Amino acid sequence: MLDLIIKNGRVADGTGNPLVYSDIGIKGDRIVQMGGVEAEAVRTIDARNMIVAPGFIDMHSHSDLRRFEDPLDEIKLRQGVTTEVTGNCGFSPAPLSDRTAGLLKAYSEPIMGRPDHDWGWHGFSEYMDELAKQKFSCSIVPCIGNGALRIAVKGFERGPLIKEEMDRIKRLLSEGLEAGAMGLSMGLMYAPECYYRMEELTEICTAAARYGAVLTTHMRGEGATLVESVREVIHIAESAGIPLNISHFKAAGVKNWGDILEQAMEVIEDGRSRGLDITCDVYPYTAGSTSLPALLPPWSQEGGLGAAIGRLRDGKTKERVRADLLREHKDWDNPMLDAGWGRVCISMLNTEKNRPFIGKSLSEIAKSSGKAPVDCALDLITEENGNVTVILHQMSEEDVKKVIAWEDSIIISDSLYPAGGNPHPRVYGTFPRLFRKYVREDGVLTLEQAVKKVTFQPARRFGIDGRGLFKPGFIADITIFDPDHIKDTATYENPRQYPEGILYVITGGQVAIETGKHTGIRNGRVIRRGAQGGQKNGCL
C-alpha cells in the first residue's frame, strides 16, 4: 500500500516539456510510481484542474538563521518553496572567529536578521550540525560566504592578504566544503570583499573548484560598471575552472537601462560560446533591497560597521563621505545616486523617532525634515547604529522581462530578513508573482518554462540530487497550485501578506501545506554536498 497518491493532476515535471495528465504514487519520502497509479493508498489527493509540480527551489535567499527563529518557515512553504539555498552574496553565519564575531554579526544583521539563538559554532561544519539538530519544514542547502571567510581572518582591514591569511582562508573554505557546503558565494560590492584583489579571488576560487563547488557572485557593480563587473567574474571563474552563477542579474539605475544590460548579456553569451558554465538568477521585481550602510563608499567601511559610524560622527570625514555619495566613481558603483534619491525607500528602522520614515523615500524624508537627501541617509545610519535597510526602485520592467525570459536564468527571491519594518514584498510573494504576472498576465514564459526555472534548473545548477524533477526514486517534494488563481498579495506598502492559489505543499512525502494552511509538519533537511538523495542529508 502506498502512503499517498496524487490523482488527476496536470503534471509539470520540471523538464519544460508540455503538461501531461498523470498520477503520482508516494511511499515514505519517495516518488515510487508515475502514470496511471491503481494501487491503494493511505490517502489520496484529487488534483483535478490543478498543476502538480516539483517543490520549488529558491536558489538565492538569506534564510541562514531563520530555521532557529521560525522552523515552520510558512513564508516560503506557502509560496510552494520546499528547498532554499543560503549563504549568498558572501554572507554566511560561519566560519566564526572569536576575535571578529561581533563584526560578522553586525555586518549580517540587516540581511539575515537577529535571532535569539546563540551562535554557538565556529567552523562551517559546526554551523551545519547545529542547523541539522533543528526540526524545520523547508530544506536548506548551505553555501559558504567569502565575506564571512575574510572577516574571520582579516576583519574589515583593507589591503592585500599576506600568505598566512590566504592559507587560513583556503583552509576554512576547504573545511566548509568537506563538511558539505554546496558552493562558495561572493559579495564583491560589499566591504570587506571589495578589498579583495582579482588574483586573490582567483586563488580562493581555484581552491573551491577542487571540490566541485559552484561559485555564485554578487558582482562589484550592477550599474555603470555592470559590463566590467561581468567580465571580472567570468575571468575569475574561467581562470579558476569553476562553474559560475551571477546573482540577481540586473542593470541598476535609469541611465543604465537597455543598452548596458544587452552588452552584459553579450559578454555572458560570449563566455558560454567558449564552453564556460555560466548561469544567472533574477527576482521578478523592479526593486532591490539591501543594507543602507552597505551603500557607503568602500573606504569608509574599513574596520566594520562601528568604524564606519564613527567616521560619520566626525564632521570632516562625514563631509568626505557625503561628497563621494554625490558623484559617480570609476572603481565602485554608487547605487543611491544611480537610482535617484526618490527611488531609495526606507524599509526597516528600529528607533521610535525614525519609525515614521518606514516606507518613505529619501526625497520625501528630506522634504519633511528640511535636509538634503544624502544627509538624511547619513543621519539615519548614525541614529540607527547602522541597522537600516532600504528598497531601491532601480530596474526597468523591460530589462527584468529580458532576463526572466533568458533561457539559462533562474528565478529567486533574494529574501532578506531584517528585524521589523517592511521587508521587500519578494519575501512573501516571489514565486506566485512569477506565475501570476510573467506567465498568466504578460506571457513572458509558458507555465512549463516557469516551473523549470524554479525546479530543475536550480537543482541542476547546484547539483541537488533527487529534487527538481518527477522521477521514481526522487524525493517527494511537490507543489500543487491553481494556475488560474495563483497570485501574490504582498505589496511594497503591505508586504507581510501570504499568496493565494497554492493548495498543497508536500515535503518528503508528507503534507506540510493543505488548502493554504500549515499542518505543522517539519520534514525539512540540511542537504549537504556529496551526501544527497536522502542518504546523509536528514536532520543528523
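Read-outs throughout are calculated quantities, based only on the coordinates presented, and are distinct from any laboratory measurement. What you see is a predicted model; the values in this text were computed from it and never measured. So basically every Cβ, Gly included, is an ideal-geometry build from the backbone, and we count neighbours across all protein chains shown.
Numbers below:
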quantity: Förster radius 30 Å - calculated FRET efficiency between GLU262 and GLU199, Cβ distance, rounded to 0.05; calculated: 0.50
quantity: Whichever aspartates and glutamates have a C-alpha closer than 20 Å to that of LYS7, once near sequence neighbours (fewer than 8 apart) are set aside; calculated: ASP23, ASP29, GLU38, GLU40, ASP46, GLU448, ASP477, ASP482, ASP484, GLU514
quantity: Order of ILE24, ILE404, ILE162 - criterion: other Cβ atoms within 10 Å of each residue's Cβ, fewest first; calculated: ILE162, ILE404, ILE24
quantity: Charge dipole of the chain about the Cα centre (unit charges at C-beta), most positive-ward option of MET336, GLY306, GLY420; calculated: GLY420
quantity: Theoretical gain in end-to-end length, LYS163 to SER273 [0.36 nm per residue, Cα-Cα removed]; calculated: 36.0 nm
quantity: LEU326 versus ASP482: modelled label distance in nm, points set 7 Å from Cα along the beta carbon direction; calculated: 5.5
quantity: Lys, Arg +1 and Asp, Glu -1 on Cβ, resulting dipole of segment 306-399 about Cα centre, debye, nearest 20; calculated: 520
quantity: Anchor LYS318: lysines whose Cα lies under 17 Å away (excluding residues fewer than 8 positions away in-chain); calculated: LYS371
quantity: Inter-site label distance for GLU383 and GLU38 at 7 Å from Cα along Cβ, in nm; calculated: 7.3
quantity: DSSP bridge pairs, the chain: antiparallel proportion in percent, nearest 5; calculated: 55
quantity: Sorted by Cβ neighbour density within 10 Å, fewest at the top, the residues CYS280, CYS376; calculated: CYS280, CYS376
quantity: Spatially proximal aspartates and glutamates relative to LYS353 (Cα-Cα < 19 Å; intrachain offsets below 8 disregarded); calculated: GLU364, ASP375, ASP379, GLU383, GLU384
quantity: Distance in nm between pseudo-label sites at THR519 and GLU228 (7 Å out along the Cβ direction from Cα); calculated: 5.5
quantity: Net dipole in debye of the chain [+1 Lys, Arg Cβ; -1 Asp, Glu Cβ; about Cα centre; nearest 20]; calculated: 520
quantity: From the coordinates shown, percent of Cα pairs over 40 Å apart corresponds to which of (i) 19; (ii) 33; (iii) 42; calculated: (i)
quantity: LYS471/SER369 FRET efficiency (R0 60 Å; Cβ-Cβ; nearest 0.05); calculated: 0.55
